[in-house]
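The structure appears right after this line, and notes come after that.
Each reported figure results from applying straightforward, stated rules to the coordinates on display, with no laboratory input. Model, not experiment: these values are computed from the prediction. When we count neighbours, we look across all protein chains shown, and the Cβ atoms used for this are built from the backbone with ideal geometry, even at glycine.
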Amino acid sequence: MKPKLDNHNRTRRALATALAVTALTAPCAQAQTAEEFKQLKSMVEQLQKTIEAQSARIAELEKGKTPAAPAVAAVPGVTAETSPSLRTMEKVAAGEPVGQQSPITYRGALNDQQEAASRPQDYTLDPKYQGFIPIPNTPALIKFNAKPHLDMTSDNKNAGNQNRFVPAMFPLQGDANYGGGQQFHANANATQLRLDVRAPEMGGNFRFYYQNDFFGSGSDTGDMKYRVQHLYGQFYGFKAGFTYGVWEDPDSWPDTVDYEGPNAVIFSRRPVAQYTHSWNENWNTTFGVEKPDIYVDVNSGPNAGGSMLTQMPDLGFNTRYEKAGFGHLQFSTMFRDLGAKDALGNDHHVFGWGVNLSAGLDVTKKDSVQLLGVYGEGVGGMGNDTSFLNSDAAFNSDGALKALPYWSVAGGYTHRWNDKFRSTITYGYVNLDNSSGQDGSFYHTSQYASANLVWQLRKRLSVGLEGLYGIKEAANGVDSGDHWRIQIGMVYSLFD
């Protein structure tokens, strides 16, 4: 402390000398006007205030006190007394609790699904509100984040999609586009833009969230096609917009370098109206009324060539148990109407339903497990792999519409070697029971496996190396052969 105090004393003496010189010489300048003298006097007074403030700071240091933190406000006329958001940020800067830490462990996955998920009560994954700035004269904080993402891949043969690893799209042996030898690709389609607006000290756990990437229509072979991933508002447990359906569990996605993710996880993002009720600090239930994204194979059966239709929204709910140090368990269910008009103009409707059991468990401080098991009829269109196909329902050989039985299992295990390195192994299996009216080449099963090493090179820069394996089998028993991919992914986050 002594050198620091000496420096402050020297600073104080220098300022005092400057004050004295200025005060003595100013009146003697013959060219000075009365107005200039007033300006000099004002400057002297300002210097005096500066010296007094410096002296007070030195006195605090000598007493062993920490100087008060500077005010957050920098907008003229806006103070913590008039702006609730500035008061919030001052509390954050002072280390006071704002919001409540979610029991869910934020894993910081390379392909992060967790941040976009809404949370019950006033829970947040980041009670420090890293990267948020106050919106003056409002209770709201806002955070803009950009996550540039580059993927480089090498496949042992044509995977059917140069930018994604999707077993459902693998060409079958005998297809014209099968094989092709070693193939290299690179894309930045996983780059994301995110906008998060919160009001942590206003009742109701208000949140507005937006996120997009560039895997839009036509991105199978093209680059940077805009796609909205999330756009929703949340207030007092009510949520509306475009985001996760109640049947998806974003906290159960394994940490893969592959942006597409395992074949067996649920991918259900659509227009929703939801309400979350918290029974206590550990249990909550979300009810949803959602857009019926149905996928019917209208090219099946004897009267092929019709169109899809539905008479009601998808209805469902999930119930979650969350506990810090343990992780979470989620039970989800979905009920839906699946309809189609055949080529003769006849309407057909069948009932679809499904259950989804998922979990994210904190085994140790360095190890975590993600698990998922799904079974249902008419829910294949919400599977991550089968969502690329008309896999909810199909006509049988008698021309009757049938909800296709679907089941899948997935598991991931992550180990953190140290603060900079972690690894995840993942496996997924999907089974879709086909109708008697479908083509023999239609998808029946697929497998997905991956293992990676992720290097947290810097706080905001991650580099991952991953090996992937996949295989698809059609209803007639023909398969795609073994597909192998080596992938390098790099992600930089500006403000996380």
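Each of Thr364 and Glu96 was given a label point 7 Å from its Cα along the Cα-to-Cβ line. The distance between the two points is 4.0 nm.
Between Ile133 and Ala188, full extension at 0.36 nm per residue minus the direct alpha carbon distance yields a gain of 17.0 nm.
Residues whose amide H comes within less than 5 Å of that of Leu404, counting only those at least five positions distant or on another chain, are Gly378, Ala393, Ala394 (H built at 1.01 Å from N in the peptide plane). Under the convention that each Lys and Arg Cβ holds +1 and each Asp and Glu Cβ holds -1, the size of the dipole of the stretch 362-411 around its Cα centre is about 180 debye. In straight-distance terms, cross-link reach from Lys341 covers every one of the aspartates and glutamates whose alpha-carbon lies under 13 Å from its own, apart from those fewer than eight places away in the same chain; here that gives Asp297. Whole-Hz Karplus values for the stretch 440-447 come out as x, 8, 6, 3, 10, 9, 8, 10 Hz, taken residue by residue from phi with 6.51 cos²θ - 1.76 cosθ + 1.60 and θ = phi - 60°; glycine and proline positions read x. Rounded to the nearest 0.05, the FRET efficiency derived from the C-beta distance between Ile488 and Leu461 at R0 = 22 Å is 0.95. Backbone geometry of the stretch 333-340 corresponds, through the Karplus equation with coefficients 6.51, -1.76 and 1.60 at θ = phi - 60°, to 3J(HN,Hα) couplings of 9, 9, 10, 8, 9, 10, x, 7 Hz, x marking Gly and Pro. Take Thr333, project a point 7 Å from its Cα along the Cβ direction, then tell me which residues of the stretch 344-374 have their backbone nitrogen under 17 Å from it. So the set is 351-358, 373-374. Where does the charge balance sit around Gly352 when Lys and Arg score +1, Asp and Glu -1, over other residues with C-beta under 9 Å from its C-beta? After counting each charged neighbour, the total is -3. Mind giving me the FRET efficiency for Ile425 and Thr82? R0 is 56 Å, r the Cβ-Cβ distance, nearest 0.05 is fine. Rounded to the nearest 0.05, the efficiency is 0.55.
One chain, two ends: Ser397 and Val478. Fully extended at 0.36 nm per residue, the span grows by 27.1 nm beyond their Cα-Cα distance. Say a paramagnetic label sat at a point 7 Å from the Cα of Leu125, along Cα to Cβ; which residues of the stretch 335-361 have their backbone N under 15 Å from it? Backbone N within reach: 360-361. Each Lys and Arg Cβ is given +1 and each Asp and Glu Cβ -1; about its Cα centre, the stretch 350-496 then shows a dipole of about 980 debye. Annotation for Ser217 and Leu315: the two label points, set 7 Å from Cα along the Cα-Cβ direction, are 3.2 nm apart. Per-residue Karplus couplings for the stretch 307-320, computed as 6.51 cos²θ - 1.76 cosθ + 1.60 with θ equal to phi - 60°, are listed in order as 9, 8, 7, 8, 10, 7, x, 6, 10, x, 7, 9, 10, 10 Hz, Gly and Pro entered as x. Spatially, the stretch 384-409 and the stretch 275-352 are offset by 14 Å when compared through their Cα centroids.
Peptides 381-391, 89-99, 172-182, 461-471, ordered by how many other C-beta atoms sit within 10 Å of their residues on average, highest first, read 381-391, 461-471, 89-99, 172-182. With the gyration tensor restricted to C-alpha atoms of the stretch 180-234, the semi-axes of the equivalent ellipsoid amount to 36, 10, 7 Å, longest first. Taking a Cβ cut-off of under 13 Å around Gly131, the surrounding Lys, Arg, Asp and Glu residues balance to a net charge of +3, with basic ones at +1 and acidic ones at -1. Once both labels are positioned 7 Å from their Cα atoms along Cα-to-Cβ, the gap between Ala240 and Asp439 label points is 4.2 nm. Summing charges over neighbours of Ser450, with a neighbour being any other residue whose Cβ is under 12 Å away from its Cβ, gives -3 when K and R count +1 and D and E count -1.
For Phe442, nonlocal amide neighbours, meaning residues 5 or more places apart or on other chains whose placed amide H falls under 5 Å from its own, are Ala475, Asn476.
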